[in-house]
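Undergrad: Pasting a structure below so you can have a look.
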Amino acid sequence: QPQSHEPGHVPQNLGEMELLSQVTGPAALAEIGKLHGKGIEMADGYIAEYGHGRSRVTVWVGMAGSEVAASGLLKQMIDRIAEGNPAFRNLRAMEIGGQTVYTVEGSGGEHFFYAIKDKVVWLTVQGTEATTVIKNALKTF
């Protein structure tokens, strides 16, 4: 099926990494909903896995519908992790390219998340240098 350039469009590349798999529509929203827990509403979203050599990055993108909603969603995520989410620990913030990016430790790689425009983006990075991936992600999503 042809790639759409609508809001839910999944980019084909993340820097030098290529798109390996994607989940879109209701299936993606269901997966993203599981991560966030109850009471989180999203207009749209997708999950994409990118790879190059042994490097892998999984990206969850949730379209919140507005910048205000995306900021609210990000705050809920931060609060839930800070309250003591057993899956994630050591929450901290950093500045990359003028954007505040949050990072947590957990299983499956290094985890980073941020809100940009009307979206919340979560990256799980494995086998590669994370700063470059995040800089590319900020330009891509």
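Undergrad: Listed highest first by mean packing, meaning other Cβ atoms within 10 Å per residue, what order do 56-62, 13-19 come in? Display every interim value, and only then the final one.
TA: Numbers: 56-62: 23.6, 13-19: 16.0.
Taking the mean over residues of other Cβ atoms within 10 Å, the ranking is 56-62, 13-19.
Undergrad: Let me ask something else about it. Across the chain, how many lysine pairs, 8 or more apart or on two chains, come within less than 15 Å at their alpha-carbon atoms? Please list the in-between numbers first.
TA: Numbers: K38/K75; K75/K117; K75/K119; K117/K139; K119/K139.
Here the count comes out as 5.
Undergrad: Let me have the 222 nm mean residue ellipticity of the chain computed from DSSP H runs of 4+ only, each contributing -39500 (n - 2.57), with the sum over all residues rounded to the nearest 500.
TA: Numbers: 3 runs with 39 residues, N = 141.
Mean residue ellipticity at 222 nm (helix-derived): -9000 deg cm²/dmol.
Undergrad: Can you give the relative contact order of the chain as a percent, counting alpha carbon pairs under 8 Å and 6+ residues apart? Please report the intermediate quantities before stating the final value.
TA: On the way: 246 pairs, mean separation 31.0, N = 141.
Value for the chain: 22 percent.
Undergrad: Among (1) -0.27, -0.80; (2) -0.33, -0.77; (3) -0.24, -0.71, find the value of log10 I(q)/I(0) by the Debye sum over Cα atoms at q = 0.09, 0.15 Å⁻¹ that was calculated from the structure presented, and write down its label.
TA: So the calculated entry is the one marked (3).
Undergrad: Ok, one more. What order do you get for 65-73, 116-124, 89-97 when each peptide is scored by the mean count of other beta carbon atoms within 10 Å, highest first?
TA: Numbers: 65-73: 15.9, 116-124: 20.0, 89-97: 11.3.
My ranking of the peptides, most packed first, is 116-124, 65-73, 89-97.
Undergrad: 7 Å from Cα along Cα→Cβ at both E41 and N85: what's the point-to-point distance in nm?
TA: Between E41 and N85, the label points sit 2.1 nm apart.
Undergrad: Something else: What is the extension gain from E67 to K117, computed as 0.36 nm multiplied by their sequence separation minus the C-alpha to C-alpha distance, in nm to one decimal?
TA: On the way: separation 50, 0.36 × 50 = 18.00 nm, distance 0.51 nm.
Full extension from E67 to K117 adds 17.5 nm.
Laboratory data are not the source of any read-out in this text; all were calculated from the coordinates shown. All figures in this text were calculated on a predicted structure; none of them were measured in a lab. Every residue, glycine as well, gets a Cβ built from its backbone with ideal geometry; the counts of neighbours run over all protein chains shown.
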